[in-house]
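Quick note: the coordinates plus some simple rules give every number you see, no bench work behind them. If you're wondering where the values come from, they're calculated on a predicted model, not measured in any experiment. Methodologically, a virtual Cβ is constructed for each residue, glycine included, from the backbone with ideal geometry; neighbour enumeration extends over all protein chains shown.
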Amino acid sequence: MQKLLTPEEIAVGAGADGATHRLPSPRVFAGRAERLRQLAAGHAMHDFLLFAARLADAQQNALDHHRPASRPDPADLARCRRHGMPPLDAHGADLPAGWADVLATLTAAVVPHAPAGLQNAIAGLPDFPARRLDALARAILRAEEDLSNPVELALAPLIGASLQVLWTARALALQPADLPAGFEGGQCPACGSPPVASIVRIGDAGHGVRYAACSLCACEWHVTRIKCVPCQNTRGIAYQSLEGAAGTLHPAVKAETCPDCHASLKIVSMEKDPLVDAFADDLATLALDMLVDDSGFHRAGRSLFLFTP
Ligand code: FE
Ligand code: FE
């Protein structure tokens, strides 16, 4: 009889297959919008998910009309690869020229559908100091935003959505070989940002291969299953899901919890539902974050559509 593998043994043995990065699809935001609409139907957060879908539509439109980003200098790419550094580093980067134009485009597209608080914030945008907007964008890129001002809090998802468009455009100019190989860290190998969640895809051999999905540039990097993405621990990894009266709600989404660093990162599984999108399915399962938080784990995924004071 074959011996059952422990989670630790599975974790050590996995990763030999499909250990590659995935660059974003040029239609990433359209796919996300479609999934958000599907998830919105009958959902308690229907209006919010529908607004997120409209924002994703606007992102796709902005990406389609954005002039293609240029590929970084080959010498810089080689240096980044050698040292395992992200070539599109979000932390120390200058803001791309014209980033506020993307913000203006997204804002104009979603303002008729925006909730009242956001409409008021958008109405005040013309008087908002450009320097402050730049500072907010830089803080979001560094994941260091300290938002207590309600107007800034309301604008943050629009700023984040603009930065996603710009960094996705830059990622689309890369080739898979531009990214550091053998990388399995807690941050995106293309831009250095944290993941929004992880996704199990169906690999070439027909079994699930897990990737972490970048919160900013939509690149995905291979991560071993049953292993904490933020701290790489493989011991005591456990899973939580949303249970309803009629069984598991959102069966394609689980939260992976780590007893070492107390982080929790979601896994959305194409094995359970081929239409999942890491970003959209994360947004539609915020109730799972609350459940996980109640049991003492903090959310490691970062969604640029969600900001809390
Ligand atoms: Fe990235
Ligand atoms: Fe951990």
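Structure above, values below:
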| item | result |
| --- | --- |
| Simple label model, 7 Å out from Cα along Cβ direction - Ala44 to Ala139, nm | 3.0 |
| Test item: Cα-centred dipole of the chain, Lys/Arg +1 and Asp/Glu -1 on Cβ, debye | 480 |
| Among Pro157, Pro68, Pro24: highest mean-square fluctuation, GNM of the chain, C-alpha pairs under 10 Å | Pro68 |
| Extension gain from Ala108 to Ala75, taking 0.36 nm per residue of separation minus the Cα-Cα distance | 8.0 nm |
| Separation between Cα centres of segment 145-183 and segment 241-289, rounded to whole Å | 23 |
| For the chain: lysine pairs under 20 Å (alpha-carbon distance), excluding those fewer than 8 apart on one chain | 5 |
| The chain, helix-only ellipticity at 222 nm - DSSP H runs n ≥ 4, -39,500 (n - 2.57), divided by all residues, nearest 500 | -12000 deg cm²/dmol |
| Kirkwood Rh in Å, taken over the chain so that all alpha-carbon pairs contribute | 20.0 |
| Electrostatic dipole magnitude of segment 183-299 [Cβ: Lys, Arg +1; Asp, Glu -1; Cα centre; debye, to 20] | 260 |
